[in-house]
Ligand code: FPP
Ligand code: MG
């Protein structure tokens, strides 16, 4: 996807500001290294574009956008410990760079900074809390209540990835004071994009080149993780088709929103396409 460069720079600047005042310096360095290295910034972009779509400005959404990215990064730090993944975003993962104890504190630090960005707005707090409940449920499903059917897999993908995407879009709409129907339609758009993102993640784990991907591949098979390809006997092409179906439904949900900013709408459509076509 061609990046909306101006929004990207705004997100990066606010992200940097959010992690540079952490105390003490040892925690600050680890929190900022982890938050600032690499990353596609898909979720904060969804927040900013959703806000603009319904009449807000990027500035209105930046705190929530950065908060969602920090929650996401915190979850990856824990995920990499559980999965023993040494590389994340083309760099050593937090635990392999700092050790397990410091990585756990870094994840907590990231979450603390995230909640500081939501805490003034009760609706935002409710939205992000609901997503985090699902994130935890999704991780538990992945590890101990493993899906055995495609339908159960879809619940897992919705919880572990769709829910945070839903929150990302909902928070953008909330920042623009949108009505509840609009918040819900944008939430559905993003949740389905998130599920498609997770399915593509599963396919890339099976077929991608680790150099291009920026993280090791073959992990789902070697750790016996319930990816779509592990749970079902779908081929990678058939799994991509499932992702495509979710993106089509995401676009249907987006159609329910009256766009104030057509440029933002075009980028949200492009972002949905990027998710299924991405190679990294
Ligand atoms: C990556 O999935 C991981 C997630 C989408 C969610 C992980 C959630 C937790 C660890 C729960 C705890 C949450 C917090 C906020 C501390 P993946 O392993 O399929 O993807 P990968 O290939 O990028 O590792
Ligand atoms: Mg993982």
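The values are calculated or read from the model by the stated rules, or taken from the named source; none is laboratory data. This one's a predicted model, so the numbers in the text were calculated from it and none came from an experiment. So basically every Cβ, Gly included, is an ideal-geometry build from the backbone, and we count neighbours across all protein chains shown.
In table form, for the structure just shown:
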| quantity | calculated |
| --- | --- |
| Any hit, segment 30-43, residues being more than 14 Å from ligand 1 (Cβ to nearest atom), in a helix (DSSP H, G or I) and farther than 30 Å from residue 97 by Cβ | no |
| Criterion (out of contact with any strand residue (DSSP E or B) (no Cβ under 9 Å at 6 or more places or on another chain), farther than 16 Å from residue 32 by Cα and modelled with pLDDT under 95) met by exactly one of 130, 157, 124, 120 | 120 |
| Counted residues, segment 246-278 - those being without any contact (Cβ under 8 Å) to a residue 12 or more places away in the chain and surrounded by 15 or more Cβ atoms within 10 Å (Cβ to Cβ) | 0 |
| Segment 105-140, subset free of Cβ contacts under 8 Å to residues at least 40 places away in the same chain and within 16 Å of ligand 2 (Cβ to nearest atom), residue farthest from residue 73 (Cα to Cα) | 140 |
| Segment 47-105, residues that are within 12 Å of ligand 1 (Cβ to nearest atom), at pLDDT below 95 and part of a loop (DSSP other than H, G, I, E, B) | 84, 85, 86, 89 |
| For residue 144: the one exception among (1) more than 29 Å from residue 61 (Cα to Cα); (2) surrounded by fewer than 18 Cβ atoms within 10 Å (Cβ to Cβ); (3) modelled with pLDDT of 95 or more | (3) |
| Positions within segment 79-104 being in contact (Cβ under 8 Å) with a residue 60 or more places away in the chain, within 12 Å of ligand 2 (Cβ to nearest atom) and farther than 22 Å from residue 212 by Cβ, in sequence order | 82 |
| Residue under evaluation residue 194, criteria (1) within 16 Å of ligand 1 (Cβ to nearest atom); (2) without any contact (Cβ under 8 Å) to a residue 40 or more places away in the chain; (3) not in a helix (DSSP H, G or I), criterion not met | (3) |
| Only one of 211, 279, 273 that is out of contact with any strand residue (DSSP E or B) (no Cβ under 9 Å at 6 or more places or on another chain), at pLDDT below 95, part of a loop (DSSP other than H, G, I, E, B) and over 23 Å from residue 135 (Cβ atoms) | 279 |
| Residue in segment 218-226 that is within 18 Å of the chain's Cα centre (by Cα), within 16 Å of ligand 2 (Cβ to nearest atom) and not in a helix (DSSP H, G or I) present | no |
